[in-house]
Amino acid sequence: MASLIGFYSLIFGLGLSLFIIFFSYKNFKSSNNFDARITTFTFLQLLLVVISFIGLIISFINSDFSNETVFNHSHTTKPIFYKISGTWGNHEGSLLLWLLVLTLFIFLFLIKSKKQDKNYRILTLLFQQVIIIGFFIFIIKTSSPFNYIFPTPKEGLGLNPILQDPALAIHPPILYLGYVGSSVIFSSTLAATSLNYISKEWAKHIKIWILLSWIFLTLGILLGSIWAYYELGWGGFWFWDPVENVSLMPWLALTTLLHCILILERKLLFKSWVIILSIATFTLSMSGTFLVRSGVLNSVHTFANDPQRGLFILIFLFCLIFLSLFIFFFFHKAEDKREYNFFWLSKESSIILNNWFMMYFLTVILIGTIYPIFLEVITSEKISVGPPFYNKLLIPFLVPFLFAMAIGPKLKWVKSDLKDKLYLIIFLIISLLISIFIIKNFNIDFLINTILVTAAFYLFFITSRDFFIKKFNNLSQNLAHFGFSLLMLSILLNNIFSTEVITNLRVGETYKSEKIEINFVSIDKNNIKNYNAITGNFKIENIEGDMDIFKPELRIYNQPNIVTSEAYIKTNLFTDKFITINLVQNQDYFNVRYQIKPFMIWIWISVLLITFGGIISVFKRHEN
Amino acid sequence: MYGRKVKLRFIFLLLALIILSLSTFLIIKSLEENVVYFQSPTKIKTLPEIEKKKIRIGGMVKKESILVKEEEVKFIVTDYKNEINVIYSGVIPNLFAEGKGVVAEGFLKDRNLFLATKILAKHDENYMPPEIKKALEEK
């Protein structure tokens, strides 16, 4: 029943698009005020999509296995929380969520943009409707979440257990808010371009949408990363996997856009650049969906998928790119070159420099992600591009990037000099000394690590100083940059100082080395609702004689029959101790992995600080 | 002569061009060096020579072939036409099991022995390396 309502809501929702387009067109031609009926219809469309989404959630809660999506991804013994989160833990449901966010954002846009020009609002709505209609058709035609199965199965196939996790339950909605949030930026930029509406006021109004989408995207990536850290049991937080890359690319484009819109807001510069970045952000978000869902990516995360869907998104994507390029070339008027009047040492040029770096990073990641696809199509050779590629190409450029990030915000608009900035050099010397002191005790690649840590410390000190000097004048930027320096520092130190032991042990055995003793004491078995748990008891003693007890767990889920490792992590401010076990079928050895990861928690904290920077900026805007 | 502005713009353009070509060169060069090729057991049998480069192999883990010892894990990867022995020490992902798909990264010792440095986890229990899927469909 709920599925039926859900399905028909979708059909009617699509039908409403026709009304919206009709009334918008009429309103666009006439000189009247904004037609309130348009907002009403947009609200109705949102309502219908919400009903459809709730219909799917109810089907999941009731374990209605006559619904194919529910049958494929749910099970009666699953806890209610994961029944609900299972709604968007699959392809069909996640697309419905895409659509929900699309309609939600355009409705919010309409009620929040009342001060803007009428035609601009209507055109934004129309562009958004193009995307919405595309997704409606995509869902109804190729991936309806409401397909019937007859006869109704007694039991579902269950949700992949590694997705049964609190962080991953909220990761897709948050990430999608960021991804799809960029659709409003895309639509309104196209609208503003065609109407020649781009101005300082427009920049101010669109900035809040950029910020919102940026905040959600950042949080979404953070959640995914935390989940990968403890659930996949690898102890890392970033693997340069294509699925991760496709979320990082829109983030880079969006971050660049965020910096550019600041210039546009103040100086009305870089119009074309802002337009291109808006288009790029949304296109990258959509390609992300395409790449993950179509299965063309050779990823360690590979989900089950269907090529026909990929083809649809690909065609749709090309249409959107074509449309936006058409608008860009035919409607956008070239800027007045006289405006570009600034000295090489100025805030403007430092932001340009930042853009260059960001675009470089983006290009490297883009090539690393799609090159394997092209090669496979052309030569049918299968390859993968791993971390060494990214490390080699990104890390050297991180050094000048960090220095530019430290000095850039210190410069004035138009023209600046470096008088009264002795502290910049003093901090450089301090950072260098600290880095040498830290690195020299360790037997690692001295030169590159010292330079990297110096650059990170430099940014760290300079941004910390700002908290005291500037008296929270520009808190949002300060906090975000400080967070970024902390992120770089923790990642670097974490990389340099992490250690690990991997061994196979039987119950009762002990692993000994010079530094550590791992004693596998015993195992406990427990039966929990939808899985059986095997808990290992470990005593680990390090060289100083400190002893810790660890209880990593193995879960054997009943449906589907999958084993997952639950890492046991001891976290404090300085270091994470991380242990996972795994049991190979029919063998009495357990595969044990013990890792010491310094400053792990600071990686998460620093990303949160960066996000807070964005949040503060949103609220500051609101007060003004 | 040209004005200062024109000169500056020229220098800027030149710089941009140099940086662009340099970074393109860098990217392509490190792509060549760091790319990892994916091979099936059948393909390995027909390789003209054993290279020292890192590769990935994929296939199904042969039934009753896994043997775990203190230091290492041995198993056989098959694509139902040919097989290869794999020796591995390191983390074993949860979805690694007999009769399931596997992708391993490492170095070829000879045409019958692969020294793996990493076994890749897959999110999906029904995952199968595409070539195996093809081979199974052909059957």
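List of remarks:
Here is a yes/no grid of residues against (1) within 29 Å of A:Trp214 (Cα to Cα); (2) among the charged types (D, E, K, R); (3) modelled with pLDDT under 90:
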position: A:Ile562; (1), (2), (3): no, no, yes
position: A:Thr575; (1), (2), (3): no, no, no
position: A:Asn582; (1), (2), (3): no, no, yes
position: A:Tyr589; (1), (2), (3): no, no, yes
position: A:Ile596; (1), (2), (3): no, no, no
position: A:Phe599; (1), (2), (3): yes, no, no
position: A:Gly613; (1), (2), (3): yes, no, no
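- Note on region B:31-42: residues that are farther than 17 Å from A:Phe389 by Cα and within 10 Å of chain A (Cβ to nearest Cβ) total 2.
- Test: residue in region A:452-471 that is among the acidic types (Asp, Glu) and at pLDDT 80 or above: yes
- Which listed residue, of B:Ser89, B:Ser65, is over 23 Å from A:Gly235 (Cβ atoms) and out of contact with any Gly (no Cβ under 9 Å at 6 or more places or on another chain): B:Ser65
- Of the residues making up region A:555-565, those that are touching a residue at least 40 places away in the same chain (Cβ under 8 Å) and surrounded by fewer than 19 Cβ atoms within 10 Å (Cβ to Cβ) are A:Asn558, A:Gln559, A:Pro560.
- If you go through region A:571-624 and keep only what is away from every other protein chain (no Cβ under 14 Å), surrounded by fewer than 22 Cβ atoms within 10 Å (Cβ to Cβ) and closer than 19 Å to A:Thr503 by Cβ, you end up with A:Lys577, A:Ile596.
- Matching residues in region B:55-104 - criterion: being among the charged types (D, E, K, R) and touching a Leu at 6+ places or on another chain (Cβ under 7 Å): B:Lys74
- For A:Ser31, the conditions (1) touching a residue at least 12 places away in the same chain (Cβ under 8 Å); (2) not in a helix (DSSP H, G or I) are fulfilled apart from (1).
- With a requirement of 3 or more residues that are over 18 Å from the mean Cα position of the chain (by Cα), the strands (runs of 3 or more DSSP E) lying completely within region B:10-93 that satisfy it span B:73-78.
- Of all the numbered requirements in (1) assigned to a helix (DSSP H, G or I); (2) within 14 Å of chain B (Cβ to nearest Cβ); (3) at pLDDT 80 or above, A:Leu433 misses one, and that requirement is (2).
- Region B:1-43 - residue that is of a type in the set (Phe, Trp, Tyr) and in contact with a strand residue (DSSP E or B) (Cβ under 7 Å, 6 or more places away or on another chain) and, of those, surrounded by the fewest Cβ atoms within 10 Å (Cβ to Cβ): B:Tyr37
- Answer from B:Lys62, B:Lys81 - the residue that is assigned by TED's automatic domain parsing to the domain that holds B:Leu115, under 26 Å from A:Ile556 (Cβ atoms), at pLDDT 80 or above and basic (Lys, Arg): B:Lys62
- Residue satisfying all of: in region B:97-109; within 22 Å of A:Glu231 (Cα to Cα) and more than 7 Å from chain A (Cβ to nearest Cβ); surrounded by the fewest Cβ atoms within 10 Å (Cβ to Cβ) among these: B:Lys100
- Scanning region A:346-391 for residues being free of Cβ contacts under 8 Å to residues at least 12 places away in the same chain and among the charged types (D, E, K, R) gives a total of 1.
- Restricting attention to region B:109-139, the residues that are in contact with a helix residue (DSSP H, G or I) (Cβ under 7 Å, 6 or more places away or on another chain) and at pLDDT 75 or above add up to 1.
- In the set (1) in contact with a Ser or Thr (Cβ under 8 Å, 6 or more places away or on another chain); (2) within 10 Å of chain B (Cβ to nearest Cβ), A:Ile321 fails one condition alone, (2).
- Test: residue in region A:490-509 that is within 30 Å of A:His75 (Cβ to Cβ) and among the charged types (D, E, K, R): no
- Picking from residues in region A:556-570 that are touching a Ser or Thr at 6+ places or on another chain (Cβ under 9 Å) and of a type in the set (S, T, N, Q), the one that is farthest from the other protein chains (Cβ to nearest Cβ) is A:Asn558.
- Some residue of region A:327-339 being within 25 Å of A:Ile137 (Cα to Cα) and either at pLDDT 75 or above or polar (S, T, N, Q) (or both): yes
- Of all residue pairs spaced 6 or more apart or on separate chains, those with beta-carbon atoms under 7 Å, a first member in region A:227-253 that is away from chain B (no Cβ under 14 Å) and a second member that is among the charged types (D, E, K, R) and assigned to a helix (DSSP H, G or I) are A:Trp238/A:Glu244.
- Tally, over region A:384-393, of residues that are surrounded by fewer than 18 Cβ atoms within 10 Å (Cβ to Cβ) and either more than 10 Å from chain B (Cβ to nearest Cβ) or closer than 19 Å to B:Glu105 by Cα (or both): 3
- Residue tally, condition over 22 Å from A:Gly614 (Cα atoms) and more than 12 Å from the chain's Cα centre (by Cα), over region A:239-267: 4
The values are calculated or read from the model by the stated rules, or taken from the named source; none is laboratory data. Everything numeric here is computed off the predicted structure, so don't read it as measured data. Positions of Cβ are backbone-derived with ideal geometry, glycine not excepted, and every protein chain shown enters the neighbour counts.
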